[in-house]
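Since the structure comes first, as structure tokens, the remarks are kept for the end.
The values are calculated or read from the model by the stated rules, or taken from the named source; none is laboratory data. Note that this is a predicted model, so its numbers are computed, not measured. Cβ: placed from backbone, ideal geometry, glycine included. Neighbour counts: every protein chain shown.
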Amino acid sequence: MSALDNPSVQRVQAALEAAGSAARVIALVDIARSAEDAARAIGTALGSIVKSLVFMVDGQAVMALIAGDRRCDIAALPAALGLTGKAKRADAEIVRAATGFAIGGVAPVGHVNQLPIAIDSSLRRFDAIYAAAGHPHCVFPTSVDELRRLTGGREVVGIGVEA
């Protein structure tokens, strides 16, 4: 069975199509469980990889879409989403419950629950960016503008800080 036949990957492709995106999920030969792996497998800059990170803020799951060469400023995340309280990294069980995806393949679209999403504006350095597509061997190409449209996320300056 191809990674493209995986139900999680098919959910991502269906979400892209339902939103009118022309993006197609790509199956990679090499694993893309981390941003570094994905950049190597695609042959692109690390910063053009979108990390889909799930946090908890005041009991609510939220997502930060961060450039692969940056880290999320978790102190700034709640305010960036119009929330109060402190952000803390969600564990694997919460990530799966909130998104329907396992860590290593968490996509920014196709979630089982609606999440507030912050998008790192530093991703604008790249015309093409690549996001996970529900499986460690799958990604999809997009742009920051399309990612905003697909996710309803807020683009935030300074949420992605140099690692």
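Per-residue answers, yes or no, for (1) over 12 Å from the mean Cα position of the chain (by Cα); (2) not charged (D, E, K, R):
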{"site": "Val62", "(1), (2)": "no, yes"}
{"site": "Leu65", "(1), (2)": "no, yes"}
{"site": "Leu81", "(1), (2)": "yes, yes"}
{"site": "Lys86", "(1), (2)": "yes, no"}
{"site": "Arg124", "(1), (2)": "yes, no"}
{"site": "Asp145", "(1), (2)": "yes, no"}
{"site": "Val161", "(1), (2)": "yes, yes"}
* Structure fact -> For the stretch 86-137, the count of residues that are crowded, with 20+ Cβ neighbours inside 10 Å, small (Gly, Ala, Ser) and closer than 16 Å to Val12 by Cα equals 8
* Structure fact -> Among the residues of the stretch 51-77, the number that are in a strand (DSSP E or B), farther than 14 Å from Ala35 by Cα and of a type outside the set (A, V, I, L, M) is 2
* Structure fact -> In the set Ala90, Ala98, Ala64, the lone residue that is modelled with pLDDT of 95 or more and under 20 Å from Glu155 (Cα atoms) is Ala64
* Checking Ala118 against (1) modelled with pLDDT under 95; (2) touching a Leu at 6+ places or on another chain (Cβ under 9 Å), which test does it fail? -> (1)
* **Residues located in the stretch 30-64, provided they are within 19 Å of Leu123 (Cβ to Cβ), in contact with a Leu (Cβ under 9 Å, 6 or more places away or on another chain) and of a type in the set (S, T, N, Q)** => Ser48, Ser52
* Structure fact -> Counted residues in the stretch 24-40 being crowded, with 20+ Cβ neighbours inside 10 Å and assigned to a helix (DSSP H, G or I) come to 2
* Members of the stretch 7-23 that are over 20 Å from Gly100 (Cα atoms) and surrounded by fewer than 19 Cβ atoms within 10 Å (Cβ to Cβ) -> Gly20, Ser21, Ala22
* Structure fact -> Requiring at least 1 residues that are without any contact (Cβ under 8 Å) to a residue 12 or more places away in the chain, the strands (runs of 3 or more DSSP E) wholly within the stretch 78-163 are none
* To do: Please enumerate the residues belonging to the stretch 62-77 that are surrounded by fewer than 19 Cβ atoms within 10 Å (Cβ to Cβ) and either at positive phi or without any contact (Cβ under 8 Å) to a residue 60 or more places away in the chain (or both).
  => Ile74, Ala75
* Asked: Restricting the search to the stretch 145-163, which residues are modelled with pLDDT of 95 or more and not aliphatic (A, V, I, L, M)?
  -> Asp145, Glu146, Arg148, Arg149, Thr151, Gly152, Gly153, Arg154, Glu155, Gly160
